[in-house]
Amino acid sequence: MPRNKRAVFFHSGTMAPPTTWLRLLWENGGASPAYWGRVARILVPTTLAAPLRLMERLRYGRAVKRTRIDKPPVFVIGVARSGTTHLHNLLAQDPQYGSVSTFHAAVPTFFLLGRRRLKPFMARFAPGTRPMDDVKVSMDMPQEEDVAVANTCPFSSVYAMSFPRRSQWYFERYAFMRGLSARETKRWERVYMEVLRKATLDGGGRRLVLKSPVNTGRIPHLLRLFPEARFVHIVRNPYVLYASLVHLFRSIVPLHQLHSVADDVLEDLAAFLLRETFRQYLRHRASIPEGRLAEVRFEDLERDPLGELEAVYKALNLPGWARGKVEIEKYVTGLAGYRKNRYVFEPSAIERVRRECRFALDAWGYSLP
């Protein structure tokens, strides 16, 4: 199976219940004829998985409801492509932390039932790297919890990739939580908390370290759910971020889309997401209590990962650095040889970032690389 087709299964809401997909298709005017085959490849396996969802609810439903998240999570936040995955992977090496894994995110409604047999089977077909940057992935590596939400219900910005004509609408609602009714917000919170409870149950009660870039836009909601939560914000040069976001959408949307979309729509989405995520973070940063927020620059983390992480542990008063450092250092050593993407900065892109994100360039003191 070609790698790009494999990636669809693990990086979208492919295993969301059939009722979710029928609702999504109805709300978005169906799929373009060119993508009817893709719809069938989604609906067939997720329909066949219905008995597994029922069995999991019957077997583990009470245990999940009883699971308490006693240790407030650590949230890694930042604009997508800021290095949030790298920072998340580093923190997740510390054995005191649990996370939402790729396996959890791919089949959140029946992973407890499928831990022994389904996970090895899925691992055989999983891509070895992400399609946009060749970062390694595996069933046990940490994943964005928002992917798990998408594989449970329609309340996720992940579906912006499937329906790119309405991509900004999805981010407005499920990344920035704008335009949601009180009832819709409560439904999102219920699904989100169930995802975290199941990950906590599977992780033996360990403290969760979580990463979804969209969390950067919903800090007030996370603080309401977890008043004692810790946040680690990572920032990167906005010029690089814009180029990287455009590359991300050009790489990912073709794997997921059910509508055709022009290339300039993806460029507009990149600019929108960059600008609005920065605005949301700067607007709500002060609402995070003192001692609960650590801020990191990607460039500093890349240069000195252990030194930056030790500073994060101290800033957030997180225990266990001496023990965690051992495993983190092993992971860092294993990254030797990885080469990140390089970008050419077109004059039109430079001008767009200057025009739309001047406030972010000034806030963090960035200039053109």
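The values are calculated or read from the model by the stated rules, or taken from the named source; none is laboratory data. In this text the structure is predicted, and so the values were computed from the model without any measurement. Counting neighbours? That spans all protein chains shown, and the Cβs are built from the backbone with ideal geometry, glycine included. What goes into the accessible areas is simple: the full protein's heavy atoms, side chains included, and nothing from ligands, DNA or RNA. Shrake-Rupley method; radii C 1.70, N 1.55, O 1.52, S 1.80 Å.
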- prompt: For ARG166, are the conditions met, namely being surrounded by fewer than 22 Cβ atoms within 10 Å (Cβ to Cβ) and under 15 Å from LEU273 (Cβ atoms)?
  reply: yes
Reported set for region 327-369 where residues are under 18 Å from GLU302 (Cα atoms), surrounded by 10 or more Cβ atoms within 10 Å (Cβ to Cβ), aliphatic (A, V, I, L, M) and out of contact with any Pro (no Cβ under 8 Å at 6 or more places or on another chain) is LEU335
Practice problem: Report yes if SER260 is among the polar types (S, T, N, Q) and assigned to a loop (DSSP other than H, G, I, E, B), otherwise no. | Solution: yes
Practice task
Kindly indicate whether GLU276 is at pLDDT 95 or above, assigned to a helix (DSSP H, G or I), surrounded by 20 or more Cβ atoms within 10 Å (Cβ to Cβ) and of a type in the set (D, E, K, R).
Solution key: yes
Of the candidates LEU241, LEU225, LEU201, the one satisfying the condition of being in contact with a helix residue (DSSP H, G or I) (Cβ under 8 Å, 6 or more places away or on another chain), in contact (Cβ under 8 Å) with a residue 12 or more places away in the chain, open to solvent by less than 30 Å² (accessible area, probe 1.4 Å) and of a type outside the set (Gly, Ala, Ser) is LEU241
If we ask which residues in region 47-94 are part of a loop (DSSP other than H, G, I, E, B) and open to solvent by less than 50 Å² (accessible area, probe 1.4 Å), their number turns out to be 12
Given (1) touching a helix residue (DSSP H, G or I) at 6+ places or on another chain (Cβ under 8 Å); (2) under 30 Å from TYR313 (Cβ atoms); (3) among the charged types (D, E, K, R), ARG115 misses just (2)
Going through (1) out of contact with any helix residue (DSSP H, G or I) (no Cβ under 7 Å at 6 or more places or on another chain); (2) part of a helix (DSSP H, G or I); (3) in contact (Cβ under 8 Å) with a residue 60 or more places away in the chain one by one, ALA349 fails only at (1)
Within region 279-320, restricting to residues that are basic (Lys, Arg) and under 30 Å from ALA349 (Cα atoms), the one that is most open to solvent (accessible area, probe 1.4 Å) is ARG303
From the option list LEU269, LEU306, single residue qualifying as hydrophobic (A, V, I, L, M, F, W, C) and within 17 Å of VAL76 (Cα to Cα) is LEU306
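Conditions (1) under 23 Å from the mean Cα position of the chain (by Cα); (2) small (Gly, Ala, Ser); (3) within 30 Å of TRP169 (Cβ to Cβ), marked per residue:
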site	(1), (2), (3)
GLU267	yes, no, yes
GLU290	no, no, no
ARG303	no, no, no
ASN317	no, no, no
ARG323	no, no, no
VAL332	yes, no, no
GLU346	no, no, yes
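Condition check ((1) within 18 Å of VAL191 (Cα to Cα); (2) in contact (Cβ under 8 Å) with a residue 24 or more places away in the chain; (3) in contact with a Phe, Trp or Tyr (Cβ under 9 Å, 6 or more places away or on another chain)) across all residues:
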site: VAL44; (1), (2), (3): no, no, no
site: ARG53; (1), (2), (3): yes, yes, yes
site: ILE69; (1), (2), (3): yes, yes, yes
site: PRO73; (1), (2), (3): yes, yes, yes
site: VAL76; (1), (2), (3): no, yes, yes
site: HIS86; (1), (2), (3): no, yes, yes
